[in-house]
């Protein structure tokens, strides 16, 4: 009424026109074909599970950006540090924490869009995983996290959707529980945006539950089990510097969200070498030991599936297992999701018996998923039910005498192998 | 249904609000002095220029620091010691600070010796613990973070009980389930410490809500550090407390560091106190190393919270003299000089001792004797805790549920059978 831009009739006509457009849009939607059933699977991951990350190209101006945005002296010191890590590796003396640090520094040098956040990052956090990142790349690319685990995963999500490649370190994966909402959101991103938004986030955390770790219930929860069901999330574990380095590199280059679990009690104690510059596949299990042909023929071979602290437990139990006259195919489940059922089946075709040494709980644990999959896909290969050695459903106690009985270890494995070979249920 | 309010726009759309959607609050209408009903704007409170509407955080005055004693323990000008506290009480509070410090020193040392797996000290923050605890009623429920041992100590938790918890022996109230320093005692109205940060804050609000419903003369007391105040739980909890108007005192120990992260990398606002405005509550900033001031501030906050059934936020400025925990080496990220300066210039215990000595309520000889007595007591408690038996294995499966469920009974039976089979391993 107060201005002369349009008359009453014009406004009514406009309203009619708008209504007609809306109606047409609704009809178009109603009459459009349904999406194909295959689309859900196609949108699960932006990068197929069997992607080889070794020849991933990086943007053409990557090196130019890095040179322009980093201080030459800082870069030089970083290169020195990398060289010293490689020396350690060559001597078989690099730790898991250092191996991941090496992978991160290499990837951050390679791709200037890679960023990293962790609590106490500038002080190296707990295991030196982010060591020298801030000193080399500055406080924007490598920042101390403000304390809010859930929401700094959410923040990384935002970064990831806007062209960056964020790495988030969780000092202890138990605190990742705060971030379940954000992690779910991360897993859903690619599919729910119809594949329009990639979200290349990598979460690296020390977790699992070592036998006798004496950290109490709230530092012993199996976060790796809790996240198994999150769609779109690739889940890996590594119990050696070699696996940690190779998988971290791949996961950082992968264009979807991934989480890498490392063994909290072995970050500085387990030493080894890395395969320099090699990105390992994210969908393959690692066979660490093959049962002798003799033991297979004698029906004294058992497939043992394990991960994180369970790997060392199994390796140390091997001598006793052999002394018993038995042997194992020791398979490390470095890819929890997607699970490498082919490697498992190939082993079962030899042994026909399987034990899962699982540092998650009876209810809802990793072993439960693996066991079910084996029964479904490899039933004909099984001479006995899948045997699971897993944590009880009670909160993991702190007192060593109590914890001993909850978290299954090498001694339990030895007994289980004996029972399996003796066909005792 | 009758239409209570409708407006017709020039486009012919009609927005109607019917009876069903509203309660009996009378709706304002256009034209009554320019009031816009849903934007909460009062007449005359609008402006057409950005400059007068855009407010900088610096426009708000920063919180004054409340203190009664200067760094040497002299009463500052105009200060008055809280009259409700007797001289004997002040001495008792001083002794409690010393007791806590001695306990920390020895337990920390025992971790270094490999006798205990983990420990966290509260060195430099003793005045906060004792000052605040003494101002509470003994049955005010306390929710703490992990650096508040002095609070439960004031309430009567003994050195032996602390030691038993650290060693997870059969006397541990937590039945060997939690790491050291994760103490808790229903008798002392102190909720068991939980590792994940800030989970205690919304829980404390729930406790305050229960108190409000019961109409009791108690407040909920909730401690946390300035780093923990970054967690989402802090913000949700304070908003709830302000909106639900519950009797709670939020006590923030701003000790300068969250492990290695200093405060200027944790937040940008005026400390934690300034957040009170957003959540609708009173706040006071206090010198956390001045025990008398901490006492007075806590007392005032508690009285206000009870009188008005409202939350009150206390921010105590202090310094974490020790490492974050036995898993931390703070020389990685701060200078020894910085630590030394705080330890020597603003030590809360020395400060209050100076006050007591000046008032002739305490002497150097008594101090030496006290320290020696305390040390002995802690050492004895340690020895007793170390040699005591561990909790029985059955306790692993109790308290998961009220009554043990079949699957747990099975697992327990299987475990016991396994242990019976290999007795020498367990």
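Given (1) surrounded by fewer than 19 Cβ atoms within 10 Å (Cβ to Cβ); (2) on the phi < 0 side of the Ramachandran plot, where does residue A:138 come up short, assuming only one miss?
Status for residue A:138: all satisfied but (2).
Check the stretch A:406-421 and report whether any residue there is more than 25 Å from residue A:293 (Cβ to Cβ), part of a helix (DSSP H, G or I) and touching a strand residue (DSSP E or B) at 6+ places or on another chain (Cβ under 6 Å).
Yes - at least one qualifying residue is present in the stretch A:406-421.
Inspect the stretch A:159-171 for any residue being farther than 24 Å from residue A:264 by Cβ, in contact with a strand residue (DSSP E or B) (Cβ under 8 Å, 6 or more places away or on another chain) and part of a loop (DSSP other than H, G, I, E, B) and give the result as yes or no.
Looking through the stretch A:159-171, at least one residue is farther than 24 Å from residue A:264 by Cβ, in contact with a strand residue (DSSP E or B) (Cβ under 8 Å, 6 or more places away or on another chain) and part of a loop (DSSP other than H, G, I, E, B).
Which one of B:248, B:201, B:284, B:193 is surrounded by 24 or more Cβ atoms within 10 Å (Cβ to Cβ), more than 14 Å from chain A (Cβ to nearest Cβ) and within 20 Å of residue B:128 (Cβ to Cβ)? Can you show your working first?
Details: B:201 fails: more than 14 Å from chain A (Cβ to nearest Cβ); B:284 fails: surrounded by 24 or more Cβ atoms within 10 Å (Cβ to Cβ); B:193 fails: more than 14 Å from chain A (Cβ to nearest Cβ).
Criteria check complete, one pass: B:248.
Among strands (runs of 3 or more DSSP E) lying entirely in the stretch B:220-330, which contain 2 or more residues that are farther than 30 Å from residue B:118 by Cβ and in contact with a helix residue (DSSP H, G or I) (Cβ under 8 Å, 6 or more places away or on another chain)?
Fully inside the stretch B:220-330 and qualifying: B:282-287, B:311-317.
Somewhere in the stretch B:159-176, is a residue within 12 Å of the chain's Cα centre (by Cα) and either touching a residue at least 12 places away in the same chain (Cβ under 8 Å) or away from chain A (no Cβ under 14 Å) (or both)?
No.
Only one residue in A:173, A:189 is in contact with a helix residue (DSSP H, G or I) (Cβ under 9 Å, 6 or more places away or on another chain), over 12 Å from residue A:258 (Cα atoms) and surrounded by fewer than 24 Cβ atoms within 10 Å (Cβ to Cβ). Which one? Reasoning before the result, please.
Details: A:173 fails: surrounded by fewer than 24 Cβ atoms within 10 Å (Cβ to Cβ).
When all the criteria are applied, what remains is A:189.
Considering every residue within the stretch B:227-241, establish whether at least one is buried (at least 24 other Cβ atoms within 10 Å of the Cβ), under 30 Å from residue A:403 (Cβ atoms) and more than 11 Å from every other protein chain (Cβ to nearest Cβ).
no
Can you pull out the residues in the stretch A:232-266 that are surrounded by fewer than 21 Cβ atoms within 10 Å (Cβ to Cβ) and over 17 Å from residue A:157 (Cα atoms)?
Hits for the stretch A:232-266 are A:242, A:265.
May I ask you to list pairs of residues, at least six apart or on different chains, whose Cβ atoms are under 6 Å apart, with the first in the stretch A:394-415 being within 24 Å of residue A:319 (Cβ to Cβ) and more than 7 Å from every other protein chain (Cβ to nearest Cβ) and the second being modelled with pLDDT of 85 or more and outside any helix (DSSP H, G or I)?
Filtered contacts from the stretch A:394-415: A:407/A:209; A:407/A:211; A:407/A:391; A:408/A:389; A:409/A:211; A:412/A:389; A:413/A:357.
Within the stretch B:340-362, track down each residue that is surrounded by 17 or more Cβ atoms within 10 Å (Cβ to Cβ), over 23 Å from the mean Cα position of the chain (by Cα) and assigned to a loop (DSSP other than H, G, I, E, B).
Hit for the stretch B:340-362 is B:362, nothing else.
Quick one: which of B:367, B:337 is over 23 Å from residue A:395 (Cα atoms), surrounded by 14 or more Cβ atoms within 10 Å (Cβ to Cβ) and either under 30 Å from the mean Cα position of the chain (by Cα) or within 14 Å of another protein chain (Cβ to nearest Cβ) (or both)? Explain how you work it out, then say what you get.
Numbers: B:337 fails: surrounded by 14 or more Cβ atoms within 10 Å (Cβ to Cβ).
Within the list B:367, B:337, the selection yields B:367.
In the list B:196, B:202, which residue meets the criterion of being without any contact (Cβ under 8 Å) to a residue 40 or more places away in the chain and assigned to a helix (DSSP H, G or I)?
From the options B:196, B:202, the qualifying one is B:202.
Please work out which residue is surrounded by the fewest Cβ atoms within 10 Å (Cβ to Cβ), limiting yourself to the stretch A:367-393 and to residues that are assigned to a loop (DSSP other than H, G, I, E, B) and within 14 Å of chain B (Cβ to nearest Cβ). Outline the logic, then answer.
Filtering the stretch A:367-393 down to residues assigned to a loop (DSSP other than H, G, I, E, B) leaves A:378, A:382-386, A:392-393.
Okay, now just the ones that are also within 14 Å of chain B (Cβ to nearest Cβ), so A:392-393.
Details: A:392: 23, A:393: 18.
If we take residues in the stretch A:367-393 being assigned to a loop (DSSP other than H, G, I, E, B) and within 14 Å of chain B (Cβ to nearest Cβ), then A:393 is surrounded by the fewest Cβ atoms within 10 Å (Cβ to Cβ).
Could you tell me how many of the residues in the stretch B:370-409 are over 31 Å from the mean Cα position of the chain (by Cα), part of a helix (DSSP H, G or I) and at the interface with another protein chain (Cβ under 10 Å from one of its Cβ atoms)?
Total meeting the criteria: 4.
Identify the residue in the stretch A:122-158 that is more than 13 Å from every other protein chain (Cβ to nearest Cβ) and assigned to a loop (DSSP other than H, G, I, E, B) and, among all such residues, is farthest from residue A:200 (Cα to Cα).
A:132
I'm told residue A:43 meets every condition in (1) under 26 Å from the mean Cα position of the chain (by Cα); (2) at pLDDT 95 or above; (3) surrounded by 14 or more Cβ atoms within 10 Å (Cβ to Cβ) except one. Can you identify the failing condition by its number?
Failed condition: (2).
Can you tell me which residues in the stretch B:410-421 are surrounded by fewer than 17 Cβ atoms within 10 Å (Cβ to Cβ) and either within 7 Å of chain A (Cβ to nearest Cβ) or in contact with a strand residue (DSSP E or B) (Cβ under 7 Å, 6 or more places away or on another chain) (or both)?
So the first thing to find is which residues in the stretch B:410-421 are surrounded by fewer than 17 Cβ atoms within 10 Å (Cβ to Cβ), and the list is B:410, B:413-414, B:416-421.
If the condition is that a residue be surrounded by fewer than 17 Cβ atoms within 10 Å (Cβ to Cβ) and either within 7 Å of chain A (Cβ to nearest Cβ) or in contact with a strand residue (DSSP E or B) (Cβ under 7 Å, 6 or more places away or on another chain) (or both), then B:419 is the only one that fits.
Mind checking whether some residue in the stretch A:351-362 is within 14 Å of chain B (Cβ to nearest Cβ), over 16 Å from residue A:235 (Cα atoms) and either surrounded by fewer than 24 Cβ atoms within 10 Å (Cβ to Cβ) or without any contact (Cβ under 8 Å) to a residue 12 or more places away in the chain (or both)?
Yes: the stretch A:351-362 contains one or more residues that are within 14 Å of chain B (Cβ to nearest Cβ), over 16 Å from residue A:235 (Cα atoms) and either surrounded by fewer than 24 Cβ atoms within 10 Å (Cβ to Cβ) or without any contact (Cβ under 8 Å) to a residue 12 or more places away in the chain (or both).
Give the stretch B:142-158 a look and list any residue that's buried (at least 24 other Cβ atoms within 10 Å of the Cβ), in contact with a helix residue (DSSP H, G or I) (Cβ under 7 Å, 6 or more places away or on another chain) and either within 12 Å of chain A (Cβ to nearest Cβ) or part of a loop (DSSP other than H, G, I, E, B) (or both), or say none.
B:144, B:148
The values are calculated or read from the model by the stated rules, or taken from the named source; none is laboratory data. What you see is a predicted model, and the numbers here were worked out from it, not measured in a lab. Neighbour counts run over all protein chains shown; Cβ positions are idealised from the backbone, glycine included.
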